[in-house]
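For reference, the structure discussed in these notes is given below.
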Ligand SMILES: [Fe+2]
Ligand SMILES: [Fe+2]
């Protein structure tokens, strides 16, 4: 089998900047966003210039959420940029669309506040993206904008999308799962290795993310079995804007690895370079997205994106004290005067608290090296590392040992916990593996099937 290399990027969230992304309301909006907005055109242009220069691979997969929010002008500009890229470099782009690509009422911001711009229908996506996979496909399912295409003589790509004209993020019907199974079987019969791409992860990026309903493909277990038991052992995903590599084994003993890649326009921003060495060996490398042309106040691109991420978390913590109504809105809690007061007091205490002060509330001892550190700064780091992957707070580190004591103390309160798909959860194990990575390397690893 001939070695094959390709790039994977995801969640490009391209926004045509001339629509407008500035003003007081824009800044207020950006207080709670992980991803950039005004900057996304500049970032994407830098990414594709970089991909054009790199001669490691001639294929680029994009795992969905192509535009910021489905603005038609963004789709037009982004697809033009992809056309240009293909034409100038001879490289091939394969896309899947996702929830952020269809929207009846997307928006921009200017000095007068937020305004609505022309959106995009599901039916229109075909015309924008037909040159980026659909028309090269050997099988195409128009209803799901899903397809099968040969990347080389030996490797075949299955692209599945969980949107239809009528609904977003659908549970796959038996009929569609049957289509997937038959495509996988056909690949085997044709002597091809099949790999897959879907916007939604099939495995939770980190265990805690399994509690979020929208973090995974719904009824993911059925899809996992359909893929792995029919010989598809690798899927590339996005959506959660986190970096992770996870593996699961089906009841029949077949493996599936989900490689979820961070978005290009927010922290953590990475591209993957994938080398299929042979049917049983795939190497995954992670490359930070390149710096981009923007007034970044003297920061590197990476620092700039991290500042935006931390701003989002800090806003939540600040709001608890200073604007509890906004806080409750953001976390979907119904606001009452009593709760407003409670969150105000809690927020005020938390903001001034050290790690040691916080753990003492739970009768737990913090490691001496970190007990005087700010609790807020620690909380921000904690949230960020869950998304960055390769979480460093493992057993044996001051942070890890402190957190494990906290989780052990809290575990009895979460005894009958279930994840968003109804599976029972062991709170202690879930939290331990969320703040510390004990499994596969989330950045650079060699997968063996
Ligand atoms: Fe996204
Ligand atoms: Fe998404």
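The values are calculated or read from the model by the stated rules, or taken from the named source; none is laboratory data. Predicted, not measured: the structure shown is a model, and the values here were computed from it. Note: ideal-geometry Cβ built from the backbone for every residue, glycine included; neighbour counts use all protein chains shown.
For the structure I just gave you, tell me whether residue 306 is part of a helix (DSSP H, G or I) and surrounded by fewer than 20 Cβ atoms within 10 Å (Cβ to Cβ).
yes
Pairs needed: first member in region 26-52, within 12 Å of residue 68 (Cβ to Cβ); second member anywhere, within 16 Å of ligand 2 (Cβ to nearest atom) and part of a helix (DSSP H, G or I); C-beta distance under 9 Å; at least 6 residues apart or different chains.
Listed pairs, sorted by first residue: 40/74; 41/74; 41/78; 44/78.
If I go through region 419-434 residue by residue, how many of them are under 15 Å from residue 202 (Cα atoms) and within 21 Å of the chain's Cα centre (by Cα)?
Looking only at that region, the number is 3.
Yes or no: region 92-101 includes at least one residue that is out of contact with any helix residue (DSSP H, G or I) (no Cβ under 7 Å at 6 or more places or on another chain), away from ligand 1 (no atom under 16 Å from the Cβ) and under 26 Å from residue 144 (Cα atoms).
Yes: one or more hits.
Test residue 436 against the stated conditions and say whether it is out of contact with any strand residue (DSSP E or B) (no Cβ under 6 Å at 6 or more places or on another chain), more than 30 Å from residue 322 (Cβ to Cβ) and buried (at least 19 other Cβ atoms within 10 Å of the Cβ).
yes
Restricting to region 185-203, and then to whatever is touching a residue at least 60 places away in the same chain (Cβ under 8 Å) and part of a strand (DSSP E or B), can you tell me which residue is farthest from ligand 2 (Cβ to nearest atom)?
Residue satisfying both the conditions and the ranking: 193.
Residue 61 versus (1) within 16 Å of ligand 2 (Cβ to nearest atom); (2) modelled with pLDDT of 95 or more; (3) more than 25 Å from residue 283 (Cα to Cα): which is the lone unmet condition?
Answer for residue 61: the failing condition is (3).
Could you check region 309-362 for helices (runs of 4 or more DSSP H) lying wholly inside it with 1 or more residues that are modelled with pLDDT of 95 or more?
355-361
Condition first: at pLDDT 95 or above, more than 16 Å from residue 225 (Cβ to Cβ) and either within 26 Å of the chain's Cα centre (by Cα) or surrounded by 22 or more Cβ atoms within 10 Å (Cβ to Cβ) (or both). Now tell me which residues in region 164-191 satisfy that.
Correct list: 187 only.
Under the condition of being more than 22 Å from residue 66 (Cα to Cα) and in contact with a strand residue (DSSP E or B) (Cβ under 6 Å, 6 or more places away or on another chain), which residue from region 246-260 is nearest to ligand 1 (Cβ to nearest atom)?
246
I'd like the residue in region 204-219 that is surrounded by 24 or more Cβ atoms within 10 Å (Cβ to Cβ) and within 16 Å of ligand 2 (Cβ to nearest atom) and, out of all such residues, is nearest to residue 144 (Cα to Cα).
That would be 217.
Quick check on region 14-35: of everything there that is crowded, with 18+ Cβ neighbours inside 10 Å and in contact with a strand residue (DSSP E or B) (Cβ under 6 Å, 6 or more places away or on another chain), which residue is nearest to residue 384 (Cα to Cα)?
34
Which residues, taken from region 232-251, are in a loop (DSSP other than H, G, I, E, B) and either modelled with pLDDT under 95 or surrounded by 21 or more Cβ atoms within 10 Å (Cβ to Cβ) (or both)?
Selection gives 232, 233, 238, 239, 240, 241, 242, 243.
Going by the structure shown, is residue 4 buried (at least 20 other Cβ atoms within 10 Å of the Cβ) and over 23 Å from the mean Cα position of the chain (by Cα)?
The answer is yes for residue 4.
Being in contact with a helix residue (DSSP H, G or I) (Cβ under 9 Å, 6 or more places away or on another chain) and under 13 Å from residue 445 (Cβ atoms) is the filter here, so list the residues in region 239-277 that pass it.
243, 244, 258
Which one of these is under 25 Å from residue 31 (Cα atoms), surrounded by fewer than 14 Cβ atoms within 10 Å (Cβ to Cβ) and not assigned by TED's automatic domain parsing to the domain that holds residue 29: 385, 333, 317?
Every option except 333 fails the conditions.
Considering only region 220-244, how many residues are under 20 Å from residue 96 (Cα atoms) and away from ligand 1 (no atom under 16 Å from the Cβ)?
Final tally of qualifying residues: 9.
With closer than 24 Å to residue 53 by Cβ and surrounded by fewer than 16 Cβ atoms within 10 Å (Cβ to Cβ) as the only criterion, which of 281, 300, 275 stands out?
Of the residues listed, the single one that is closer than 24 Å to residue 53 by Cβ and surrounded by fewer than 16 Cβ atoms within 10 Å (Cβ to Cβ) is 300.
For region 52-76, which positions are surrounded by fewer than 21 Cβ atoms within 10 Å (Cβ to Cβ) and within 15 Å of residue 271 (Cβ to Cβ)?
The answer is 52, 53, 54, 55, 56, 57, 58, 59.
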